[in-house]
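Colleague: Below you'll find the structure I mean.
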Amino acid sequence: MKILLKIFLAFTTLLIITVPFSQADQKAEEDAVKSSMKWLVLVDKEKYAESWDEAAQLFKAALSKEQWQKSLESVRRPLGKTVSRKLKIKNHTKSLPGVPDGDYVVIQYDTSFENKKSSIETVTPMLDKDGKWRVSGYYIR
């Protein structure tokens, strides 16, 4: 009985310690998903310059507004309009390859376009210097 009580107390203590972290992760993921969806609306409406304006500083430092517009025009326009987009995964992380440590959420959507029925969009918002979640990466596969 004492062993079971010790295991229960250890488990309860561990649960209490880990819950706040998972709630913080969950809140970060929810905020990042909202931010990514607002940003994707701009891209869907072909407001590529505005999507660059709303992106993270890290994103803007990597490419100019003109480079971004040309890149999206060549990649997104041939796909046609967005037909559907469904959240597939979201993962809060502090570290990603090739970028400084920070708060990132890697989000994947199952997306269907007029001319490409099945694709995966990966959007990576980060907590930017202004305290807002802003997109720092975007890929379509």
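The values are calculated or read from the model by the stated rules, or taken from the named source; none is laboratory data. Since this is a predicted model, take the numbers as computed values, not measurements. With ideal geometry, Cβ positions are generated from the backbone for all residues, glycine too; neighbour counts draw on all protein chains shown.
Colleague: Give the residues of the range 105-125 that are free of Cβ contacts under 8 Å to residues at least 40 places away in the same chain, in contact with a Gly (Cβ under 9 Å, 6 or more places away or on another chain) and of a type outside the set (Asp, Glu), sorted by residue number.
Modeller: If the condition is that a residue be free of Cβ contacts under 8 Å to residues at least 40 places away in the same chain, in contact with a Gly (Cβ under 9 Å, 6 or more places away or on another chain) and of a type outside the set (Asp, Glu), then VAL106, PHE113, ASN115, LYS116, THR122, THR124 are the ones that fit.
Colleague: State yes or no: is PHE8 among the aromatic types (Phe, Trp, Tyr) and either surrounded by fewer than 10 Cβ atoms within 10 Å (Cβ to Cβ) or at pLDDT 95 or above (or both)?
Modeller: Judged against the criteria, PHE8 is not a match.
Colleague: Further question on the same structure: Looking at VAL105, VAL83, which is the one that is modelled with pLDDT of 95 or more, of a type in the set (Val, Ile, Thr), in contact with an Asp or Glu (Cβ under 8 Å, 6 or more places away or on another chain) and over 30 Å from LYS27 (Cβ atoms)?
Modeller: None of the other options fit; the residue is VAL83.
Colleague: So, restricting to helices (runs of 4 or more DSSP H) that lie completely within the range 46-91, which ones have at least 2 residues that are in contact with a helix residue (DSSP H, G or I) (Cβ under 7 Å, 6 or more places away or on another chain)?
Modeller: Correct list: 48-53, 65-75.
Colleague: With respect to LEU42, is the statement that it is assigned to a helix (DSSP H, G or I) and out of contact with any strand residue (DSSP E or B) (no Cβ under 8 Å at 6 or more places or on another chain) true?
Modeller: Criteria met by LEU42.
Colleague: Do we have SER35 as without any contact (Cβ under 8 Å) to a residue 40 or more places away in the chain and either part of a helix (DSSP H, G or I) or surrounded by 19 or more Cβ atoms within 10 Å (Cβ to Cβ) (or both) here?
Modeller: For SER35, the condition - without any contact (Cβ under 8 Å) to a residue 40 or more places away in the chain and either part of a helix (DSSP H, G or I) or surrounded by 19 or more Cβ atoms within 10 Å (Cβ to Cβ) (or both) - is not met.
Colleague: Where residues in the range 113-126 are of a type outside the set (Gly, Ala, Ser) and surrounded by fewer than 20 Cβ atoms within 10 Å (Cβ to Cβ), which of them is nearest to ASP31 (Cα to Cα)?
Modeller: THR122
Colleague: Filter the range 94-141 for residues that are in a strand (DSSP E or B) and either more than 14 Å from the chain's Cα centre (by Cα) or of a type in the set (Phe, Trp, Tyr) (or both) and give the result.
Modeller: Within the range 94-141, TYR104, TYR109, THR111, SER112, PHE113, LYS116, LYS117, SER118, SER119, TRP133, TYR138, TYR139 meet the criteria.
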